[in-house]
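Q: Sharing a structure below in structure tokens format, with a few things to ask.
The values are calculated or read from the model by the stated rules, or taken from the named source; none is laboratory data. Just so it is clear, the model here is predicted, and its values are computed rather than measured. Neighbour counts are summed over all protein chains in view; Cβ atoms, including those assigned to glycine, are modelled from backbone coordinates with ideal geometry.
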């Protein structure tokens, strides 16, 4: 992008703009004379609101009385007319194009080497809707949208404190994506903010199209199975994280916010936990822990027990499994890998296909293929049951689903090759990896290890809100 | 500086000692319990002297602790090979020496990965592993309590108390690591030492008493009393839970070996600062070499002497300076 300053001669400046833009069709240049000065109003088609630009810019600007020069004209506009609340000055072509492409209208005039920009954004965007991924029964039904400023307003609406700071900046050499760093300045340690800013300074991407582009910059570079930063599409969840002293990063064009740092136990917490009575919340939470372990380990335990440790089964169950497995033509490991792979293909097809077709394909293929596989004897019923339970368990903790999916396969192979011994060895490696996951000094496994008794009150159990309000928890308590 | 909490150090060392206890062979009696408790008390005293004196290890002392770590690592692998037949590791059964080497190789691989992450993650993982292990052991041994014959606890001893004290002292594979890693412990070292030795005494007592109650009457024909006790502790009539013990056994084996490998790697870093890469790999290779040299022997006298030396050399071979860096 051209960094050159604006040219004072209007014709030359417009030629330069044409040159830089390559004559792009969506760049609109409206030349007109107002106050006796030759001017041009530049904007990007589809990015501005026609009605707003007509009412707030064109109508007042064409009524300007005669001015002695361009400086007088700009002075008059700045002092006498309130065309827009958002009015940055433009001194170079880089800024000019960034603003035009963000929905600003830029006014340039003969004889001045700067322009005036007016925020008249009017591009079409998705409205605030219910989040698609983070289901909630008792909480708010609003999710983030693709527009960063709408998302900022959603957070501000929930946290009206002046301590909430939102720093807007752009990244991406080509995309100039708006990013917003949100934090509570009385809760977040300055050192953490500095580290995050330093990490973001390393971003030299050409475009930022999703949160995944930025997460590697704010995460540890060593191999980590689990993510030490989280994402959420719920403003209420994000607000609770901000109050706990975390930092959020909003990305324009993405309806998700990155939360830094993230803890393992948070994947099992939902806003609903705080809407129900503590005893029910504790029950649900432990159900999720159990579901997670079942999702990762159930098929591999089945494989290991049937192949190497049948003494763990009682005689009735043992005979039942023998009866079921003796008809299956494949080995148990192959069979379980086949079933899981089949499920993953169906799931992926369901996700990628258009919504009305995707759901139907998932159900029909699941039913037909599953039924046919069992009836033909290709797959045993107990194995299919175990796999289905494991898959369902994984859906209980959607945030960990990618990790669960891969680990499930690896554990099946370990269990098939070495039985419970193999599963134990792999568990050790995974456990060490999880414990090694740490960002900016916040261990992913806190408050379990390093153990923090206070933290267990909202991890092992969920204590009452009255007790929580006096706790004043911030994530800094886990810093090592 | 990489720092760990006293709980984390205690968990790492406790796992090592528990693994040693799992692999203990030969007769057990209540004298064994006294021996373990006496050995633990003596070690605690020596450790408190070391904690009071403090200081940094001299290069010569570091060389000793490196040798000790290799020896202890070797005993871990050797004990694993000796016991693996009794706990049934699928890859090992029927595959002879290749099966044993494969088992050791797999554990070595996990150790190598663990040590590559540093002491902090392993220490954090050790707390979870120790908690889970003690929970599973609890299930195993609570079910044993109902079928236990408590009069077995008083079965007369066939060996002298001195022998049992020697055996109790030898059951401390983590003393070198205790000395080396104590510099990385947050807070007072003495607190960490008391924590560890108290936990060791408590868990060992429960374990030994339960083992005596369960296997006391068949002790003469029992090769590995703890393993046998776990196999006899069945909470259900129609199904067995031996494999639960296999899980604990494998997890504890990994952390025991990883502790020695990390200690060795830290000491190599201190002795040969220019040796940057492959430190853990070198330690693992040397450890398996030591295991092949030991090959199934218990070497109680050597282990007890080395454990005593490890705690005596610590205060004697310490320089008055800053605490040991954990790397």
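Q: Would you mention how many residues in the range B:254-292 are touching a residue at least 24 places away in the same chain (Cβ under 8 Å) and in contact with a helix residue (DSSP H, G or I) (Cβ under 7 Å, 6 or more places away or on another chain)?
A: The qualifying residues number 27.
Q: Within the range A:253-282, can you find the residues that are part of a loop (DSSP other than H, G, I, E, B), surrounded by fewer than 21 Cβ atoms within 10 Å (Cβ to Cβ) and at negative phi?
A: Selection gives A:269, A:275, A:276, A:277.
Q: Would you mind stating whether residue A:383 is within 14 Å of another protein chain (Cβ to nearest Cβ) and surrounded by 19 or more Cβ atoms within 10 Å (Cβ to Cβ)?
A: For residue A:383, the condition - within 14 Å of another protein chain (Cβ to nearest Cβ) and surrounded by 19 or more Cβ atoms within 10 Å (Cβ to Cβ) - is not met.
Q: Are any of the residues in the range A:170-182 assigned to a loop (DSSP other than H, G, I, E, B) and closer than 30 Å to residue A:70 by Cβ?
A: Within the range A:170-182, one or more residues are assigned to a loop (DSSP other than H, G, I, E, B) and closer than 30 Å to residue A:70 by Cβ.
Q: Going by the structure shown, is residue B:116 out of contact with any helix residue (DSSP H, G or I) (no Cβ under 8 Å at 6 or more places or on another chain) and over 30 Å from residue B:42 (Cα atoms)?
A: Taking the combined requirement at face value, the residue does not satisfy it.
Q: Still on this structure, please answer the following. State whether the residues of the range B:244-252 include one that is at pLDDT below 85, within 22 Å of the chain's Cα centre (by Cα), within 14 Å of another protein chain (Cβ to nearest Cβ) and surrounded by fewer than 21 Cβ atoms within 10 Å (Cβ to Cβ).
A: Yes, there is a match, as at least one residue in the range B:244-252 is at pLDDT below 85, within 22 Å of the chain's Cα centre (by Cα), within 14 Å of another protein chain (Cβ to nearest Cβ) and surrounded by fewer than 21 Cβ atoms within 10 Å (Cβ to Cβ).
Q: Output the residue which, of all residues in the range A:240-252 that are in a helix (DSSP H, G or I) and within 17 Å of the chain's Cα centre (by Cα), is surrounded by the most Cβ atoms within 10 Å (Cβ to Cβ).
A: A:242
Q: Next question. For residues in the range A:378-387 being in contact (Cβ under 8 Å) with a residue 12 or more places away in the chain and part of a helix (DSSP H, G or I), which is farthest from residue A:422 (Cα to Cα)?
A: A:381
Q: Collect the residues in the range A:427-447 that are facing another protein chain (nearest Cβ under 8 Å), in contact with a helix residue (DSSP H, G or I) (Cβ under 6 Å, 6 or more places away or on another chain) and either surrounded by fewer than 23 Cβ atoms within 10 Å (Cβ to Cβ) or without any contact (Cβ under 8 Å) to a residue 40 or more places away in the chain (or both), keeping them in residue-number order.
A: Correct list: A:428, A:429, A:431, A:432, A:435.
Q: Please list, ordered by first then second residue, the pairs with beta carbon atoms under 7 Å, 6 or more apart or interchain, first in the range B:103-130 and in contact (Cβ under 8 Å) with a residue 24 or more places away in the chain and more than 7 Å from every other protein chain (Cβ to nearest Cβ), second crowded, with 24+ Cβ neighbours inside 10 Å and not in a helix (DSSP H, G or I).
A: That search, which allows pairs on different chains as well, returns B:119/B:4; B:120/B:4; B:123/B:4.
Q: While we're here: Take the residues of the range A:448-480 that are within 23 Å of residue A:287 (Cα to Cα) and facing another protein chain (nearest Cβ under 8 Å): which is farthest from the chain's Cα centre (by Cα)?
A: Residue satisfying both the conditions and the ranking: A:451.
Q: Here's another thing I want to ask about it. Identify, from the list B:202, B:213, the residue that is crowded, with 18+ Cβ neighbours inside 10 Å and either modelled with pLDDT under 90 or part of a helix (DSSP H, G or I) (or both).
A: Testing whether each residue is crowded, with 18+ Cβ neighbours inside 10 Å and either modelled with pLDDT under 90 or part of a helix (DSSP H, G or I) (or both) leaves just B:213.
Q: Can you find a residue in the range A:448-459 that is surrounded by fewer than 24 Cβ atoms within 10 Å (Cβ to Cβ), in contact (Cβ under 8 Å) with a residue 60 or more places away in the chain and not in a helix (DSSP H, G or I)?
A: The answer is yes, given that some residue of the range A:448-459 is surrounded by fewer than 24 Cβ atoms within 10 Å (Cβ to Cβ), in contact (Cβ under 8 Å) with a residue 60 or more places away in the chain and not in a helix (DSSP H, G or I).
Q: Among the residues of the range B:157-178, is any in contact (Cβ under 8 Å) with a residue 40 or more places away in the chain, surrounded by 21 or more Cβ atoms within 10 Å (Cβ to Cβ), in a helix (DSSP H, G or I) and within 13 Å of chain A (Cβ to nearest Cβ)?
A: no
Q: Okay, next question. Out of A:391, A:397, report the one residue that is farther than 30 Å from residue B:186 by Cα and either surrounded by fewer than 20 Cβ atoms within 10 Å (Cβ to Cβ) or modelled with pLDDT of 95 or more (or both).
A: A:397
Q: For residue A:419, which of the numbered conditions (1) within 14 Å of chain B (Cβ to nearest Cβ); (2) modelled with pLDDT of 95 or more fails to hold?
A: So residue A:419 meets the others, but not (2).
Q: Related question: Is it the case, given these coordinates, that residue A:215 is over 30 Å from residue A:432 (Cα atoms), in contact with a strand residue (DSSP E or B) (Cβ under 9 Å, 6 or more places away or on another chain), assigned to a helix (DSSP H, G or I) and at pLDDT below 95?
A: Judged against the criteria, residue A:215 is not a match.
Q: Suppose we keep only residues that are within 14 Å of chain A (Cβ to nearest Cβ), in contact with a helix residue (DSSP H, G or I) (Cβ under 9 Å, 6 or more places away or on another chain) and surrounded by fewer than 18 Cβ atoms within 10 Å (Cβ to Cβ) within the range B:135-156. Which one would you say is modelled with the lowest pLDDT?
A: B:139
Q: Right, residue A:407: within 14 Å of chain B (Cβ to nearest Cβ), at pLDDT 95 or above and either more than 30 Å from residue B:84 (Cβ to Cβ) or part of a helix (DSSP H, G or I) (or both) or not?
A: Judged against the criteria, residue A:407 is not a match.
Q: Going by the structure shown, is residue B:233 more than 14 Å from chain A (Cβ to nearest Cβ) and out of contact with any strand residue (DSSP E or B) (no Cβ under 9 Å at 6 or more places or on another chain)?
A: No.
Q: Given the conditions (1) more than 32 Å from the chain's Cα centre (by Cα); (2) surrounded by 15 or more Cβ atoms within 10 Å (Cβ to Cβ), and given that residue A:4 satisfies all but one, which numbered condition is not satisfied?
A: Only one criterion in (1) more than 32 Å from the chain's Cα centre (by Cα); (2) surrounded by 15 or more Cβ atoms within 10 Å (Cβ to Cβ) is unmet by residue A:4, namely (2).
Q: Out of B:20, B:39, B:74, I need the residue that is within 24 Å of residue B:315 (Cα to Cα), part of a helix (DSSP H, G or I) and under 15 Å from the mean Cα position of the chain (by Cα). Which one?
A: Just a single option satisfies the conditions, and that option is B:39.
For every residue, the table says whether it meets (1) more than 22 Å from residue B:167 (Cβ to Cβ); (2) touching a strand residue (DSSP E or B) at 6+ places or on another chain (Cβ under 8 Å).
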{"site": "B:3", "(1), (2)": "yes, yes"}
{"site": "B:6", "(1), (2)": "yes, yes"}
{"site": "B:34", "(1), (2)": "no, no"}
{"site": "B:46", "(1), (2)": "no, no"}
{"site": "B:56", "(1), (2)": "yes, yes"}
{"site": "B:59", "(1), (2)": "yes, no"}
